[in-house]
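J.: Handing you a structure now.
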Amino acid sequence: YWEQDQHTKVILLYLETIVDPPRFRRIAERVGRRKPIIALKAGRTEAGQSAAGSHTAALATNDKVVDALFTQCGVIQAKTLEEFLSLATGLSNQPLPQGRRVGILTNSGGPGVLCADSCAAEGLLVPNFSQGTQSALASFLSPMAAFRNPVDVIGFATEDQHAGAVETMLTSDELDALIIVHVSVRPKDNQPAAEGIVRGVRAARQTGHKQPVYLCWMAEGDLDRSFIVDGEVIPTYKHPEIPARIIRQALTYEAWRKQPAGHIPPYTDIDLVTAREICAKALADRGPGWLTTKETHALL
């Protein structure tokens, strides 16, 4: 249904078990070529599996098997509910990044450093800007600002400075994605900063620069602000580490989507009865552990 629904951009799944893995794989591989599928797999521990069984009467699927299945069929796996919902807003509202180069724009050094650390931990690049881009930023930002990347416009940057920094970074052709980290210094600065960010994104979009933009908005008393640029939603998050995870997951998904589709040959002579008997006998004789070489050959 979601595959055919034109209003559905991203598919979210909460799963405790996968009843029919082959059917799941066939459908997920086909649908995932067109729309990202994000799954939150519960029951990853013995405690979680026990809880899942108590309310669904179903065995939670083995975690390693699920990881392998999701990797094969391109399903994006979230580890927490926060990541689950963050991926949903990020992938449904922004284009997929085309590379690992990330620009960070902040008005506060500490959160900018945390964001840069997160990017590095996710295998992303935070490259220094060219001298030309740094000179362009220096022409309108404070002398106390940092221009290399992360770009720190300092706490009292004006609306025009925010707009100019966003536009300059996005139009530099040196980035594949932009993360903006804003911390409230004075409540009265939030509105001009927000308007400057929207202006900068709009100006870049009008010149054909479509890199994804993610915003960490840590503005006390103004946390629920929405950022919409000519119908395009700029997703906002509470913590500076979240956008890096979204970009890394998006890149992994895009790499999978560009791979040629695999082919699983059909097997019509599988003898599941005998296979189960081999395993059941080994368990009854010795308990959990390795099959012997003879048993393994018989099973295969």
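The values are calculated or read from the model by the stated rules, or taken from the named source; none is laboratory data. For clarity, every value in this text was computed on a predicted model and none was experimentally measured. Here Cβ is always computed from backbone atoms with ideal geometry, including for glycine, and neighbour counts include all displayed protein chains. Remember, those area values only see protein heavy atoms, side chains included, never the ligands or the DNA or RNA. Shrake-Rupley method; radii C 1.70, N 1.55, O 1.52, S 1.80 Å.
J.: Would you mind telling me which residue in GLY262, GLY103, GLY74 has the biggest mean-square fluctuation in a Gaussian network model of the chain, where springs connect alpha carbons within a distance under 10 angstrom?
T.: Sorting by GNM fluctuation, first place goes to GLY262.
J.: Per residue of the stretch 175-191, in order, report the coupling 6.51 cos²θ - 1.76 cosθ + 1.60 (Karplus, θ = phi - 60°) as ³J(HN,Hα) in whole Hz, putting x for Gly and Pro.
T.: 10, 9, 7, 10, 10, 10, 10, 10, 10, 6, 8, 10, x, 5, 7, 5, 4
J.: How would you classify the stretch 108-247 from its alpha-carbon gyration tensor, with a ≥ b ≥ c the square roots of the eigenvalues: rounded for a/c under 1.5, else prolate if a/b is greater than b/c, otherwise oblate?
T.: Numbers: a/c = 1.16, a/b = 1.08, b/c = 1.07.
Rounded.
J.: Compute the long axis of helix 63-73 from its Cα atoms, compare it with the longest principal axis of the Cα atoms of the chain, and write down the angle in degrees, 0 to 90, nearest 10.
T.: 70 degrees
J.: How many percent of DSSP beta bridges within the chain run antiparallel, rounded to 5?
T.: Details: 3 of 27 bridges.
Restricted to the chain, the bridges split so that about 10 percent are antiparallel.
J.: Now for a separate question. Among VAL113, VAL31, PRO266, which residue has its Cα positioned farthest towards the positive end of the charge dipole of the chain, with +1 placed on the Cβ of Lys and Arg, -1 on the Cβ of Asp and Glu, and the dipole taken about the Cα centre?
T.: Checking the options against the dipole of the chain, the answer is PRO266.
J.: Leaving out ligands, DNA and RNA, what percent of the accessible area of the stretch 128-194 is carbon and sulfur, probe 1.4 Å? Kindly include the intermediate steps, with their values, before the conclusion.
T.: Numbers: 1500 of 2780 Å².
Answer for the stretch 128-194 is 54 percent, counting heavy atoms of protein chains only.
J.: How high is the relative contact order of the stretch 138-231? Use alpha-carbon pairs under 8 Å, at least six apart in sequence, and give a whole percent.
T.: Averaging sequence separation for qualifying contacts and normalising by length gives 31 percent for the stretch 138-231.
J.: When the helix-only estimate is applied to the chain (DSSP H runs of n ≥ 4, each -39,500 (n - 2.57), divided by the residue count), what is the mean residue ellipticity at 222 nm, nearest 500 deg cm²/dmol? Before the final figure, lay out the partial values.
T.: On the way: 11 runs with 136 residues, N = 300.
When only DSSP H runs of four or more count, the value is -14000 deg cm²/dmol.
J.: Between the alpha-carbon centers of the stretch 219-267 and the stretch 62-89, tell me the distance in whole angstrom.
T.: Cα centroid to Cα centroid, the span is 13 Å.
J.: What FRET efficiency would be calculated for the residue pair THR293, ASP271, taking the C-beta separation as r and a Förster radius of 30 Å, to the nearest 0.05? Walk me through the numbers before you get to the answer.
T.: Numbers: r = 20 Å, r/R0 = 0.65.
Rounded to the nearest 0.05, the efficiency is 0.95.
J.: Skip the ligands, DNA and RNA, and give the accessible area per residue of the stretch 70-119 with a 1.4 Å probe, whole Å².
T.: Numbers: 1820 Å² over 50 residues.
Heavy-atom accessible area per residue stands at 36 Å².
J.: Quick one: length gained pulling THR8 to THR207 fully straight, 0.36 nm per residue minus the C-alpha distance? The partial results should precede the final answer.
T.: Working: separation 199, 0.36 × 199 = 71.64 nm, distance 2.81 nm.
Extending this stretch completely gives an extra 68.8 nm.
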